[in-house]
Amino acid sequence: MPDSAPASAKTPRVRFAPSPTGFLHVGSARTFIFNWLYARHNRGTMVLRLDDTDVERNTEASLQSIFEGLRWLGLDWDEEYKQSERLAQHRRQAEAIFAKGLAYRDFTPAHTDSGEQSSAQGAWLFNPGMPELSREESDRRAASGEPFALRYRVPRGEGRTLSFTDSVYGEQSKLADEVEDFALLRSDGMPTYHLASCADDADLAITHIIRGQDHLTNTFKHLLIFEGLGASPPQFAHLPLLVAPDGAKLSKRRHGPVVSVTTYRDAGFLPRAFINFLCLLGWSPKDDREFMALDEIREAFTLENVNRSNAVVNFTEEDPFDPKAVWLNAEHIRALAVEELSRRLQPFFTQAGFEATPEKILAITPLIRERIKLLRDAVFAADFFFLKELAPYDPAELIPAKGGDAAMARRVLQYAQEVLATTSFDHDSLDQALRAAATRLGLKAGQAFQPIRVAVCGRKNAPPLFETMAVLGRETCIARIRQAEESLQSIV
RNA sequence: GGCGCUAUCGUCCAGGGGUUAGGACGUGAGAUUCUCAAUCUUAAAACCCGGGUUCGAUUCCCGGUAGCGCUACCA
C-alpha cells in the first residue's frame, strides 16, 4: 500500500500509551481493550508505548503495576517502546519545527500554579506575558544560557480552521484562533506529552489513535504538530469517558483503589469477565448480547458502534464493584470448565490459609460454582470443607425453622449418626438413607436436613447436602454431627 | 469566562418521524428445590426543557439548561 493512501486504508497500527504515574486504572484498561479489539479485529498491529516524559511523576513501581495489570488482562501486544529512550529524537524534531519558523522560545518562568487562578480571573490570553521576541534577542538570550520553553506558533488571525473526522465523534473543527501557543519543549529541555506523543505516533507509523475523549480538544494541537513534523495525521477515534457516580472522570486521586484493575483482580474477577464488562461501557454489538466470549467481542467490534456519551461505573463505598460487572463475572464463572475454575480458585484458598489440594478443590468446585460471584467468595462459601474445627454451633440454627424444638433436633442428629455409620458416602446412597431416616422420624425432608446441614457445614445456607457430605467424608460428618448433638444437650 | 462534546428507566446498552419506546443489571412479587444459590414467571421504572420543521416529534433543526472535557513547561 503506498504511503499516500489514507491512514484508515492501511493495515492498522494502533497503540496504547499509558504514562507510568500510578497503577493501571480501569479507564486505561478499557482504552487498551478497545485498541486491542480494533487491532485484532482488523488483523493489525498492537503497539505498547510507555509515555514516560513526566520525570517528576514517573515511578518504577507504577511501571510494574501497569505491566502487572496488562498481563492479568491477558491481551497481547506486538511491539513495545519507551518514550524516554527516544528523547534525543524528540528534541531534534522540536528543533526542526523551530527551524521551520513554526515555534518560538518562551523565556517566561514556568507557572507554579496550575493556571486555575488566571482562568478564574478571565485572563485566558494565549501565552500571557510573553510577547514574541525578535529572533536576534531570542538567539542572544538562548546563547547566554537562559532557559526557555519552546512553543508552537499557532497560526491565529488567518481565519484558519483546523478539522478532522473522528471515527466516533464525526466531523470536528475548531478555529485556529481558539488554540493557544502550547509548549513543545519544557525549559529543562524535556519534550511535552503533545510533542512526544505525536512524534512517536508519526515515527511508529501509527494509523489509528484510539484514546479517551479527554483528548478530543487536544487533537487540534496534534494536527498542528503533525503538520510541523511534515507527517500526515493518523485517523482519530475518541472514546467516551468512564465516570464515577458523582459524574467526574474516574480518577485515582478522587476515587481511590476502586479504579485500579488490581482491585478487581484481587477480588476475584475473571479477566474475560472484566473485559466483557468494560467493552460494554460505550460500545455494544447493537443486538441484545451482553454476556460475550472474547472471540465474540472481537468479531463484533467496530468503532462505528462506539457511542458518544460518558458511562458511569456504578460503584459505592460499601460496594466497590458495578453490579453488572459482578453479574457478568458470575456468568463467566459458571461458563468455565470445572477444571479451569478450580485452578483459578486455588490461589484464593491458599491465601486464606487452607490446605487446599488441587484434588480437593476440584471436588468442591461444582458445589460452589453457582454460589459465588467473585472468586474470593469461594473462601467463605467453602470454608467448612477445610476448617478442622467449626465455630461453636448456634442452637437456634440447629433447630428446624418450621415446627421443631431442640429435642427433635437431637433426635435427628442421633439417628443420623446411626444411619451414616453404615451408609456409603456417595450422593445416591446418602439421598436414600437420609430421606428414609426423615420419614421414619415422621419429618419432612426440609425439617430433618436443617440440623444435619448446620451440623456439617456450620451454617444454614450451604451447597446441597448429599454432595457436600460425600466430599467431606464419613468420619468428618459423623464427628461434626456428634458435636452438634452434644451442643444441644445443655438446652434439652 | 472561552472552546469542544454529550443528553432514552437508578445504571449500562438498543431504537427511531407514526412503536404497547426494547434488552440487561439491580429492585419488588411469585414458582421451584433439602437450605442458599441457580433457574423460570411477573411487576415497577426512561425519551432534560422551550421553540421551530412536519399531518405527526422522543427521533430532524435552533436555543436553553445540565453534565463532562480541554483551556499546564500533567498526561
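Observations on the model:
- Filtered residues of segment A:191-210 (kept if open to solvent by 10 Å² or more (accessible area, probe 1.4 Å), within 11 Å of RNA strand B (Cβ to nearest atom) and either on the phi > 0 side of the Ramachandran plot or not β-branched (Val, Ile, Thr) (or both)): A:Tyr193, A:His194
- Set side by side, the residues A:Ser84, A:Ser119 differ, and just one is at pLDDT below 90 and surrounded by 14 or more Cβ atoms within 10 Å (Cβ to Cβ), which is A:Ser84.
- Complete set of residues in segment A:393-424 that are assigned to a loop (DSSP other than H, G, I, E, B) and either modelled with pLDDT under 90 or crowded, with 18+ Cβ neighbours inside 10 Å (or both): A:Tyr393, A:Asp394, A:Ile399, A:Pro400, A:Ala401, A:Lys402, A:Gly403, A:Gly404, A:Asp405, A:Thr423
- Number of the exception - A:Lys324 against (1) within 12 Å of RNA strand B (Cβ to nearest atom); (2) outside any loop (DSSP other than H, G, I, E, B); (3) buried (at least 17 other Cβ atoms within 10 Å of the Cβ): (3)
- Within segment A:335-373, if we keep just the residues that are assigned to a helix (DSSP H, G or I) and aromatic (Phe, Trp, Tyr), the residue that is most open to solvent (accessible area, probe 1.4 Å) turns out to be A:Phe348.
- Summed over segment A:34-64, the residues that are open to solvent by 20 Å² or more (accessible area, probe 1.4 Å), touching a residue at least 60 places away in the same chain (Cβ under 8 Å) and more than 12 Å from RNA strand B (Cβ to nearest atom) give a count of 3.
- Among the candidates A:Asn329, A:Asn314, A:Asn276, residue that is exposed (fewer than 14 other Cβ atoms within 10 Å of the Cβ) and either within 12 Å of RNA strand B (Cβ to nearest atom) or under 17 Å from the mean Cα position of the chain (by Cα) (or both): A:Asn314
- Just so you know, in segment A:59-77 the residues that are of a type in the set (A, V, I, L, M) and at pLDDT 90 or above include one that is nearest to A:Lys252 (Cα to Cα), and it is A:Ile66.
- Flag for A:Ala438 being buried (at least 18 other Cβ atoms within 10 Å of the Cβ) and either part of a helix (DSSP H, G or I) or touching a helix residue (DSSP H, G or I) at 6+ places or on another chain (Cβ under 9 Å) (or both): yes
- Any hit, segment A:140-149, residues being near RNA strand B (Cβ under 10 Å from one of its atoms), at pLDDT 95 or above, in the same structural domain as A:His222 (by TED's automatic domain parsing) and not in a loop (DSSP other than H, G, I, E, B): no
- Scanning segment A:285-311 for residues that are within 18 Å of the chain's Cα centre (by Cα) and away from RNA strand B (no atom under 11 Å from the Cβ) yields a count of 5.
The values are calculated or read from the model by the stated rules, or taken from the named source; none is laboratory data. Predicted, not measured: the structure shown is a model, and the values here were computed from it. Neighbour counts run over all protein chains shown; Cβ positions are idealised from the backbone, glycine included. Ligands, DNA and RNA are excluded from the accessible area calculation, which covers all protein heavy atoms including side chains. Shrake-Rupley method; radii C 1.70, N 1.55, O 1.52, S 1.80 Å.
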